Amino acid sequence: MLGTGQLRSRAFRAYKGSVQILVVEDEQKMAKALRDGLEADGYAVRVAYTGEEGFYLAQAQTFDLVILDVMLPGHDGFEILSTLRRRGIRTPVMMLTSKDAIEDRVRGLDSGADDYLVKPFAFPELLARIRVLFRRGKPDIAERLQLADLEIDPARRVVRRRGQSLDLTAREFELLQYLFLHKGRVVSREMLARDVWQETTRQTPLDNVIDVQMARLRRKIDGQFDPKLLHTVRGVGFVLQEEGGS
Amino acid sequence: MRLRPRKLRTRLTLSYVCVLAALLVLAWGGTCVLLFWELRSQLDNFAVQEIETVEGLFFLTPGGQLQLREDYHNHPESKEVIERYLEVLSPDGAVLFRNDRLGNGRLGGMPFPGEGVGGYSERSLRLSDGTRVRAVSRLHYLDGRPLLIRLAHSEEPLYSRLQKLLLASLVVLPVMLGIAWLTGYGLARRALLPIQQMARRAQEITPEKLHARLPNDDTDDELGQLARVFNATLGRLEEAFEQLRRFTSDASHELRTPLAMIRSVGEVGLQKDGTRAEYRDIVGSMLEEVNRLTSLVENLLTISRADSGHIQLQRTVVPVMALARESVGLFEILIEEKSQRAILEGDERLQIEGDRLVLRQALVNIVHNAVKYSPAGEAIAVRVKNGSGNRVSIEIQDNGPGIPAEDQAKVFDRFYRVDKARWRESGGAGLGLSIAKWAVEAHGGTIALSSEPNKGCTFRISLPGALPNSQAEIGA
């Protein structure tokens, strides 16, 4: 299911199995879900159930990423993070917070977090954020991309299916480009709202807009062609890939 | 150590009695002083009469001795005559005559300049034996010889009368103050009784019993005013509590609905073995409800933060037309899909000062509402106008089914939906308009709805316009 053909960065070469992620999360269920989800996506995962354990592990071993819950018994995530940073440990850290407060965000980034995610989050979003963290600093894909007989050329903003040029609106093109960026992976409506529509708040009622936009895009790229490439994953979002589902 | 009495009525009575005591002492003292003056001036008058009498009774013996005829008095044994002191001096101070009572004592010593000249000089003196006397002097000429006649009476009776008066006051004053204390305490108690009643009643008021009201609110005095103010506060509190209660119950209902669906879908899904596709469908359906729950919780969070005043507005100057264009643009594709038309008109120069994101949220919610409820092919109009008094009004008009008059007041209520049955397909939990109302009011604006059945709705937002001098900021 992993479309790894275009992945060339160092982190992505190391993608399967050798990327080590430390998850610090006290809720057993959540921790298990994170472990299973990340492992299914090809990462090697180590879970710490307390802040102390997480702190110890983060110091003792080398990880490529720490996923750190803010609400931990004993020392909270912010404390752990700032102590780690004081000790010179520069491992990228993604904070998970249930408080949707601006202050928390600021605090999270101030204390040295590389990213934060508000609970409850969509899992595809977590995966996408992790990919972004590893890709940070690298230029976005700007060359011709291809899936089956669908091609897009971001530089010239051209889309072809089976060699036939398709007429897409600007928004549709952005949408397709975003789907290509996350090819083979589910993107949630929240990700689309934020990254394609540039909506900063999650309260904007955009779901209908996204659905309609997606239906139009699907008509254009899949309408008269087979195999179908743009699929809806019920309850989660959309995915661009050759087979339905994942 | 506490010197202040605890009870208000004790404090009141104490200060009242203190004031009364001070006044009484003042009055008593004044009386004593006046009385003393009065008695002394009587003494003086008497001495003057005596001197006039005595003047005529002096004679010079052939040897030049000064003598006093003692045989003249009507009542020789009269107390005043017996007890008087009499001395006659020559102007150079030589003693010419002293009566028996005075004996060898001196009545005032050397004459002072002008003593007794052309009238009577009165003064208080102390004799060598310590007796306080009131002396009157008069310069009299007998056969051309100047005689300074001094006549004095003891002031001691005056002082002893004063003393008696003071002694009497020591008895009478405490009694008066005691009576004043008792009656004052009783009065204070009576005056404060309503407060006690009110306190007792107020004590019984708990969040569960907010309908109770203070007594005495029908009087026109200060306490009545207090009771009315307090009762009005209670009324508002009760209303707020009721609102909160309703909100909590509505919110839990709204939360329960998706939860019930998740549960049923999950339980039913587990009952029988299904195909992979069926399971995916079940999980997907559950996730849909989770998404609904998530957005509901997020809206509730916004509302609770707004209610507690935790949302701080990041004010900037916002061009209204741009904001309206953006809000409508967001739903352009929905409008297109339903073959609706969006009309946007107004003055591009109008601007307001406020939190762009919060205001945008308000507009987006209302426009979304309009798009949602307008039938296909109809127009949605957004008009930005310059209102009176430097206000900017934004009208959002749809051509939907409208809202019945009896429901119009409720559209901004939380969880209110005109069509309870239809909300799931159209989305939303009835919080959008209440959030919009909050956003507008947080900016000092108003929002109103006018609607007629089958003629659509018009939402009218009125916001204070930005001051003209903030024009420069947009350019920056």
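Readers should treat all values here as calculations from the given coordinates under stated rules, not as data from a laboratory. These numbers were taken from a predicted model, which means no experiment stands behind them. All Cβ positions, even for glycine, are placed from backbone atoms using ideal geometry, and neighbour counts span all protein chains on display.
Note on B:Lys209 and B:Ser264: the extension gain reaches 15.9 nm, defined as 0.36 nm multiplied by sequence separation minus the Cα-Cα distance.
Rounded to the nearest 0.05, the FRET efficiency derived from the C-beta distance between B:Arg201 and A:Leu57 at R0 = 60 Å is 0.45.
Quick check: Cα centre of the range A:217-241 to Cα centre of the range B:320-377, how many Å? Their Cα centres are 29 Å away from one another. Take each residue of peptide B:216-227, count the partner chain Cβ atoms within 10 Å of its Cβ, and average: the result is 0.
Normalised Debye scattering of the range A:166-234 at q = 0.12, 0.13, 0.19, 0.26 Å⁻¹ gives log10 I(q)/I(0) of -0.30, -0.35, -0.76, -1.38, counting only Cα atoms as equal scatterers and leaving out solvent. Counting only DSSP beta bridges whose two residues both lie in chain B, roughly 90 percent are antiparallel. The overall shape of the range B:72-170, judged from the alpha-carbon gyration tensor, is prolate: a/c is not under 1.5, and a/b is greater than b/c. Here the peptides B:170-182, B:48-60, A:205-217 are ranked by packing, the mean other Cβ count within 10 Å, and the order with the highest first is A:205-217, B:48-60, B:170-182. With the convex hull constructed from alpha-carbon coordinates only, the range B:126-229 shows a mean projected area of 15.2 nm² over all directions. Each other residue within a Cβ distance under 13 Å of B:Glu55 adds +1 if Lys or Arg and -1 if Asp or Glu, for a net charge of +1.
Note on the range B:290-419: Cα convex hull, mean projected area over all directions, 9.6 nm². Compute the distance from the alpha-carbon center of the range A:44-103 to that of the range B:128-145, in whole Å. The range A:44-103 and the range B:128-145 have Cα centres separated by 113 Å.
For the range B:263-294, trypsin sites (Lys or Arg not before Pro) are listed when DSSP marks them as loop and at most 11 other Cβ atoms sit within 10 Å of their Cβ; the list is B:Lys272.
When the expected Rg is taken as 2.2 N^0.38 Å, what fraction or multiple of it is the alpha-carbon Rg of the range A:15-76? Working it through for the range A:15-76, the quotient is 1.05. What the Cα convex hull of the range B:1-157 gives, in volume per residue, is 177 Å³.
Measuring how big the range B:271-312 is from its alpha-carbon positions, Rg and Dmax come out at 17.2, 53 Å. Seen against the Cα atoms of chain B and their longest principal axis, helix B:222-271 is set at about 20 degrees.
In the range B:206-344, Rg over Rh equals 1.20, where Rg is the alpha-carbon radius of gyration and Rh the Kirkwood radius from pairwise Cα distances. Ordering B:Cys18, B:Cys457 from the fewest to the most neighbouring beta carbons within 10 Å gives B:Cys18, B:Cys457.
In plain terms, the bigger the Kirkwood radius, the slower the diffusion; for chain B, with that radius from Cα pairs, at 10 °C and 1.306 mPa s, Stokes-Einstein puts D at 47 µm²/s.
For the protein assembly as shown, the fraction of C-alpha pairs farther apart than 34 angstrom is 69 percent.
For the range B:10-23, backbone phi angles converted through the Karplus equation (6.51, -1.76, 1.60; θ = phi - 60°) give residue-by-residue couplings of 5, 4, 4, 4, 4, 5, 5, 5, 4, 4, 4, 4, 4, 5 Hz, Gly and Pro being listed as x. Ratio of Rg to Rh for the range A:206-246: 0.96 [Cα atoms; Kirkwood radius as inverse mean 1/r over pairs].
Values of log10 I(q)/I(0) for the range A:118-246 across q = 0.14, 0.20 Å⁻¹ run -0.61, -1.28, by the Debye formula with one identical scatterer at each alpha carbon and no solvent. Which entries of B:Lys7/B:Lys209; A:Lys29/A:Lys183; B:Lys372/B:Lys455; A:Lys29/A:Lys119; A:Lys119/A:Lys183 have Cα-Cα distances beyond 20 Å here? In this structure, B:Lys7/B:Lys209; A:Lys29/A:Lys183; A:Lys119/A:Lys183 exceed 20 Å between Cα atoms.
Peptide B:358-365 has a mean of 2 when you count, residue by residue, the C-beta atoms of other protein chains within 10 Å of its C-beta.
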